[in-house]
Amino acid sequence: MTDQKPRSGLRKGLTSYGDEDFSLFLRKVFISAAGYGEDALDRPIIGIADTGSDFNPCHGNSPQLIAALKRGILLAGGLPMVFPVISLHESFAAPTSMYLRNLMAMASEEMILAQPMDAVVLIGGCDKTVPALLMAAASADIPAIIQIVGPMQVGHYRGEVLGACTDCRRLWADYRAGRLDAAEIGRVSERLAPGAGTCMVMGTASTMAALTEALGMTLPGSGSIPATTADRLRNAEATGRRAVALARSGGPRPSEIMTAAAFHNAMVTLQALGGSTNGLLHLIAIAGRLGIAIDLADFDRIGRKAPVLVDLKPSGAHYLEHYHWAGGTPRLWHELRDLLDEIALNVAGTTLREAIDAAEDVPGQTVIRPRAAPLKPVGAMAVLFGNLCPRGALIKQAAASPALLRHEGRAVVFESTQDVARIDDPDLDVAESDILVLRHAGPKGAPGMPEAGYLPIPRNLLRQGVKDMVRISDARMSGTAFGTIVLHVTPEAAVGGPLALVETGDRIRLDVEARRLDLLVSEAELTRRKAEWTPPAAPTGSDRGYARLFQDAVLQADEGCDFDFLRPRKAAADRR
Ligand code: FES
């Protein structure tokens with residue numbers, strides 16, 4: 001009864017009982033228990049990683065997507081098998097979804113490799129889900145397609161169009177400043193996110209959906225299809241069909257699609273989108289799984305050539321559905337052709353050039369600007385270096401106040417995210433020209449590098465009409481946030497980076513054009529402070545379990561905050 005066929009379908013990856021025939025026999029017993037016939041053994045199996053969860057409203061359309069994926073798989077002659085993996089929603093994961101991204105990536109990789117599937121469709125959308133699934137796909141390296149859930153439709157309040165969560169922040173600031181009362185902010189909370197799908201501004205979810213297209217890991221043109229449209233369901237059906245073709249041909253595999261050229265295209269796309277700063281962290285982490293190093297200076301150079309062309313919040317005026325109906329990411333690439341590597345492959349088996357040639361040309365649209373009339377003359381982000389950030393820091397210059405891009409001010413230091421509670425203290429000594437500094441909010445320090453870099457403007461100053469100040473931290477910032485905010489200062493304070501040495505009253509100089517961030521304190525004084533510095537206590541609870549693993553293994557922001565031991569992928573390749 002020993003089968004000599006190449007291992008595929010239900011014969012793949014047999015459970016070890018010391019007798020392969022018995023292992024296959026038992027598998028048939030249990031597939032029969034699920035009501036499947038003998039025919040199931042001869043079909044390519046397409047795993048569908050279900051990230052639907054009651055804790056993840058952004059993935060509320062997962063049941064419909066799964067039905068459409070199954071239809072496509074069955075129509076193409078495959079056998080769909082749905083399996084659960086960890087799901088992460090931004091507002092329901094503590095301390096932060098970033099803390100759990102690597103856990104999701106690790107669990108997804110292991111379940112892809114442990115179960116018999118010839119290809120896999122991974123359903124992702126809410127911020128950290130897509131990078132986690134791409135990291136898993138890169139490491140597992142069996143044929144894989146990301147099925148994006150798609151953005152929400154926009155909300156409405158008193159004649160104004162609203163989007164989660166750029167407008168969440170703006171309206172919350174209005175409430176803090178007394179311009180909205182409790183009843184009004186309560187009504188707003190019901191309108192900001194009107195249904196299933198991901199945040200409909202160019203936040204992290206929308207950024208990662210576009211970058212997934214740029215990496216070639218979802219069907220071209222599909223990243224921005226709104227969540228609740230028939231188009232999204234047809235896209236899922238087509239994804240299911242395509243996954244069967246990938247399973248039959250055995251590829252191309254993620255490592256053959258996510259090449260250095262694909263990461264270059266993703267970086268160009270990120271700069272021109274006005275995308276989320278988190279996008280860079282995730283790209284570094286995904287690339288690291290494939291042995292590809294992303295050079296921060298290279299990303300900065302790309303930003304000097306690729307201007308922001310997309311007029312979407314938080315850098316511009318429109319919302320994701322407008323971007324999609326204006327032609328979406330293929331239309332954006334059409335404007336950036338000379339900067340892209342057009343021979344990069346995608347999961348459809350076509351090239352970027354073919355995706356660009358097929359881009360819709362929408363007469364009169366104003367959302368995706370022509371190269372000659374960009375929204376911003378340069379890319380969304382700039383990488384800074386200096387004595388405050390020897391291994392780099394990031395600023396989203398597209399969402400900053402132009403007048404603050406070159407600024408020198410007095411530091412006002414907050415020791416932790418908890419310490420930020422002082423910010424509304426009427427006795428806090430702070431002025432508009434000061435620079436707010438937050439530390440111990442990096443990968444190890446918080447832990448999990450929370451999106452705390454968007455420090456609120458002190459209430460006293462808010463009431464005086466101050467809307468922006470320079471803020472610096474080793475934290476991250478939501479892709480939906482805006483302001484003159486320097487993030488990802490590396491090395492972080494918790495491991496003894498220079499950020500740990502700043503004292504309230506020190507002068508700091510930010511010069512984005514020169515790409516510099518400097519603490520204006522003498523070398524001798526910094527050496528003295530460094531000699532007196534003692535590492536902070538490890539975060540509570542980090543003596544065991546995942547928290548301990550995280551403390552021991554998480555890398556710094558310039559390495560994507562992946563776990564050090566997850567980067568080599570030889571072991572996964574051997575198991576495939
Ligand atoms: Fe899920 Fe914004 S909270 S995408």
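With 18 Å as the limit, write out which pairs from 305/376; 313/396; 128/376; 396/530 have Cα-Cα distances beyond it, or answer none.
Details: 305/376 11 Å; 313/396 13 Å; 128/376 27 Å; 396/530 30 Å.
Exceeds cut-off: 128/376; 396/530.
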Mean accessible surface per residue for the chain, computed with a 1.4 Å probe while every protein chain stays in place, in Å²: 38
In whole angstrom, the spacing between the Cα centers of the stretch 122-171 and the stretch 190-253 equals 9
Restricting things to alpha carbons, tell me how big the stretch 446-526 is in terms of Rg and Dmax, in Å. 13.8, 40
Using the charge dipole of the chain (Lys, Arg: +1 at Cβ; Asp, Glu: -1 at Cβ; taken about the Cα centre), state which of 521, 107, 322 has its Cα farthest towards the positive end. 322
Which whole-number percentage describes the relative contact order of the chain, with Cα contacts under 8 Å and a sequence gap of 6 or more? 14
Carbon and sulfur: what percent of the chain's accessible surface (1.4 Å probe)? 54
Longest principal axis of the chain (C-alpha) makes with the long axis of helix 523-532 (C-alpha) an angle, in degrees to the nearest 10, of 70
Between helix 97-114 and the chain: long-axis angle, C-alpha atoms, 0 to 90°, nearest 10: 10
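To check you understand DSSP bridge types, tell me what percent of the beta bridges within the chain (both residues inside) are antiparallel, rounded to 5. Could the numbers behind the result be given before it?
Numbers: 23 of 51 bridges.
Counting DSSP beta bridges with both partners in the chain, the antiparallel share is about 45 percent.
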Once you have a ≥ b ≥ c as the square roots of the Cα gyration tensor eigenvalues for the stretch 394-467, tell me rounded if a/c is under 1.5, and otherwise prolate or oblate according to whether a/b is larger than b/c. oblate
What ³J(HN,Hα) values, in whole Hz, does the Karplus curve 6.51 cos²θ - 1.76 cosθ + 1.60 give for the stretch 84-95 when θ = phi - 60°, with x put for Gly and Pro? x, 10, 4, 10, 10, 10, 3, 9, 10, 10, 10, x
Describe numerically, in nm with one decimal, the distance between label points set 7 Å from Cα along Cα→Cβ at residue 549 and at residue 391. 2.2
Nearest-0.05 FRET efficiency for residue 55 and residue 507, computed from C-beta distance (R0 41 Å): 0.35
Measuring from label point to label point, each 7 Å out along Cα→Cβ, what is the residue 350 to residue 298 span in nm? 2.7
Can you tell me the orientation of helix 182-191 relative to the chain, as the angle in degrees between its alpha-carbon axis and the longest Cα principal axis, to the nearest 10? 30
How many angstrom lie between the C-alpha centres of the stretch 1-77 and the stretch 469-543? 49
A student asked for the Cα radius of gyration and Dmax of the stretch 425-576 in angstrom ought to give 18.0, 62
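In debye, nearest 20: dipole of the stretch 71-137 around its Cα centre with unit charges on the Cβ of K, R (+) and D, E (-)?
Numbers: 3 positive and 5 negative charges, 23 e Å.
Once rounded to the nearest 20, the dipole reads 120 debye.
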Check the chain for me: any Cys whose beta-carbon has no other cysteine beta-carbon within less than 4.7 Å? 199, 389, 561
Residue-averaged [θ]222 nm for the chain, counting only DSSP H segments that reach four residues, each worth -39500 (n - 2.57): -10500 deg cm²/dmol
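So if each residue of separation counts as 0.36 nm, and I subtract the Cα-Cα distance between residue 175 and residue 19, what length gain in nm does that give? Walk me through the numbers before you get to the answer.
Numbers: separation 156, 0.36 × 156 = 56.16 nm, distance 6.72 nm.
Between residue 175 and residue 19, full extension yields an extra 49.4 nm.
Mind running the shape call on the stretch 242-354? Use the C-alpha gyration tensor, a ≥ b ≥ c as the square roots of the eigenvalues: rounded below 1.5 for a/c, prolate if a/b tops b/c, oblate otherwise.
Values: a/c = 1.88, a/b = 1.31, b/c = 1.43.
Judged from the Cα gyration tensor, the stretch 242-354 comes out oblate (a/c at least 1.5, b/c at or above a/b).
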Alpha-carbon radius of gyration plus Dmax, which is the widest Cα pair, for the chain in Å: 24.2, 82
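The values are calculated or read from the model by the stated rules, or taken from the named source; none is laboratory data. Computed from a predicted model, the values in this text were never measured in an experiment. With ideal geometry, Cβ positions are generated from the backbone for all residues, glycine too; neighbour counts draw on all protein chains shown. The area values use the complete protein model at the heavy-atom level, side chains included, leaving out ligands, DNA and RNA. Shrake-Rupley method; radii C 1.70, N 1.55, O 1.52, S 1.80 Å.
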